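The values are calculated or read from the model by the stated rules, or taken from the named source; none is laboratory data. Please read all numbers here as calculations on a predicted model, not as lab measurements. So basically every Cβ, Gly included, is an ideal-geometry build from the backbone, and we count neighbours across all protein chains shown.
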Amino acid sequence: MSVAQIVVERAREEGASKALSVTVEVGELSGVTPEALEFCYEAAVMGGLAEGSRLVIKRVPAVAVCGECGETFAPNERIFVCPKCEGFTASLKSGEELAVIEIEVE
Amino acid sequence: MAKTLEIRKNVLAKNDEIARENREFFQSRGLAALNFVSSPGAGKTSLIVRTINDLKARVNFAVIEGDQQTDNDAKKIEQTGAQVVQINTVSSCHLDADMIKKSLGSLDMDGAKYLFIENVGNLVCPASYDLGEMMKVAVMSVTEGEDKPVKYPKMFRVSSALVITKTDLLPYLDFDVDLAVDYALKVNPAIKVFKVSVKNGEGLEGWYNFLLTLSDAAGR
């Protein structure tokens with residue numbers, strides 16, 4: 001619903017009459033399932049200027065940085081154990097995104 | 001003519017903006033706002049009721065209750081004498097920052113040191129919605145699986161404290177408390193863990209001491 005709102009607001013600002021495609025970034029660990037997003041998107045844009053537009057989903061891989069040794073690694077299911085020093089203090093650099101990146105309008 | 005517009009806007013940006021306003025409001029009043037999250041039936045309401053009853057002689061509480069339907073929980077809170085407002089989310093599975101902002105108007109929080117927000121029982125969506133709270137408190141009962149923290153890691157990762165409830169039932173169960181704590185610490189090494197029984201009072205003192213330090217932190 002929020003994706004559709006952002007798209008419609010921005011398209012209106014530009015005086016566009018129709019949104020053709022919408023690109024979103026979805027992090028691996030955002031908790032958002034692309035299939036579910038696609039399914040809801042179709043319903044959310046119905047009846048508005050983004051109806052029938054194409055949803056392009058860019059998956060963002062999860063990257064964690066170890067707080068102890070600085071090693072970057074792909075965390076395993078949010079258990080952020082550094083593979084190098086086995087430290088527990090890694091923080092997430094990317095992978096939690098849910099953002100509208102760009103839209104194509106006319 | 002078709003053209004491409006760059007947006008780069010976080011989908012939850014609006015929620016986060018309102019959460020920031022809520023946080024400023026809480027801070028300006030020296031209010032420690034805690035967002036209680038758990039699966040349904042873990043014992044959030046019982047923990048809140050007992051906590052208020054045991055501490056109300058020393059500090060004042062206000063409570064926001066979130067449920068899809070009914071005001072049953074709000075009625076239980078009301079009996080403690082604390083101020084309470086019920087939010088029914090109806091079709092929504094979580095509270096969001098705007099619901100909190102709107103409900104703040106119905107609470108006269110003068111004198112309150114704590115605002116307990118009881119979220120909808122759900123370990124998934126509430127993890128993504130900042131309400132402006134000081135911290136999230138995850139509640140998990142010993143009648144659940146020890147691996148809840150690794151099954152729903154995001155929730156345990158964003159929570160600052162974990163209260164394991166119903167420990168009076170341990171003699172009758174195969175639940176391995178140490179294993180559960182281990183899992184929680186794996187997901188979030190900084191999480192503070194309390195093992196309590198609301199029924200017989202076991203372990204509550206540690207939880208209360210922790211709570212009382214929060215109010216000092218908020219009041220500063």
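Here are some notes:
- Selection from segment B:163-202 of residues that are within 25 Å of A:Gly67 (Cα to Cα), at pLDDT 95 or above and not in a helix (DSSP H, G or I): B:Ile191, B:Lys192, B:Val193
- The strands (runs of 3 or more DSSP E) falling completely within segment A:33-106 that include 2 or more residues that are facing chain B (nearest Cβ under 10 Å) map to A:98-105.
- Output for segment B:122-145, where each listed residue is surrounded by fewer than 21 Cβ atoms within 10 Å (Cβ to Cβ) and touching a Lys or Arg at 6+ places or on another chain (Cβ under 7 Å): B:Thr143
- Test: residue in segment B:131-152 that is in contact with a Ser or Thr (Cβ under 9 Å, 6 or more places away or on another chain), under 26 Å from A:Leu92 (Cα atoms), among the aromatic types (Phe, Trp, Tyr) and not in a helix (DSSP H, G or I): yes
- Residues that are closer than 13 Å to B:Phe116 by Cα and in a loop (DSSP other than H, G, I, E, B), drawn from segment B:60-93: B:Ala82
- Candidate set from segment B:1-40 (those that are among the hydroxyl-bearing types (Ser, Thr, Tyr) and either within 14 Å of chain A (Cβ to nearest Cβ) or buried (at least 17 other Cβ atoms within 10 Å of the Cβ) (or both)); member that is nearest to A:Glu102 (Cα to Cα): B:Thr4
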